[in-house]
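All remarks here apply to the structure that follows.
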Amino acid sequence: MACEIVWAFSVLPSQIKIFESAYGPEGPWARLFSSSPAFLDTRLLRDIDEAGRYLTIDRWSSMAAYEIFRQDHLDAYGALDSACSPLFREKRVVGAFHENPS
């Protein structure tokens, strides 16, 4: 069953364009994830009312596939995470979700 990993970000106003490029569906995160056939897609959502507030939704074929990817790409994941950390004030995982089948 497909799994969606959701992250919330509070982006620095001066970094919004760079953040959108980095975390969007064509950005370096999506390119890194795309090296796995278990990666389905990524979505970047911008809050309508609060500037600089974003969600990312990364879809994987399963939670296990995501965890294996993270373990297998620990160095690349960590390097990209470090490179992107100056773009935001706060980052937190919202959780992992499955689509409701009904």
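Computed from the coordinates by the stated procedures, all read-outs in this text should not be read as laboratory data. In this text, all values refer to a predicted model and were calculated from it rather than measured experimentally. As a convention, Cβ positions derive from the backbone with ideal geometry for all residues, glycine included, and neighbour counts pool all protein chains shown.
To the nearest 10 degrees, how steeply does helix 74-84 sit against the main Cα axis of the chain, on a 0 to 90 scale? Result, in degrees: 20.
Three principal axis extents describe the C-alpha atoms of region 1-55; from largest down they are 34, 22, 12 Å.
The simple spin-label model puts a point 7 Å past each Cα toward its Cβ; for Arg46 and Glu20 those points are separated by 0.3 nm. For the chain, the longest principal axis of the alpha carbon atoms and the long axis of helix 63-72 meet at an angle near 70°.
Paramagnetic label reach from Ser35 (point 7 Å along Cα→Cβ; backbone nitrogen cut-off under 18 Å): within region 61-78, residues 61, 65-78. Calculated on the Cα set of region 32-91, radius of gyration then Dmax: 13.3, 38 Å.
Cβ under 13 Å from Ser10's Cβ, Ser10 left aside: what net charge do those residues give with Lys, Arg +1 and Asp, Glu -1? Here the count lands on +2.
Cα convex hull of the chain: mean projected area in nm², to one decimal?
Working: hull surface 27.0 nm².
Mean projected area for the chain: 6.7 nm², to one decimal.
If only the Cβ of Lys and Arg carry +1 and only the Cβ of Asp and Glu carry -1, the dipole of region 1-67 around its Cα centre is close to 140 debye.
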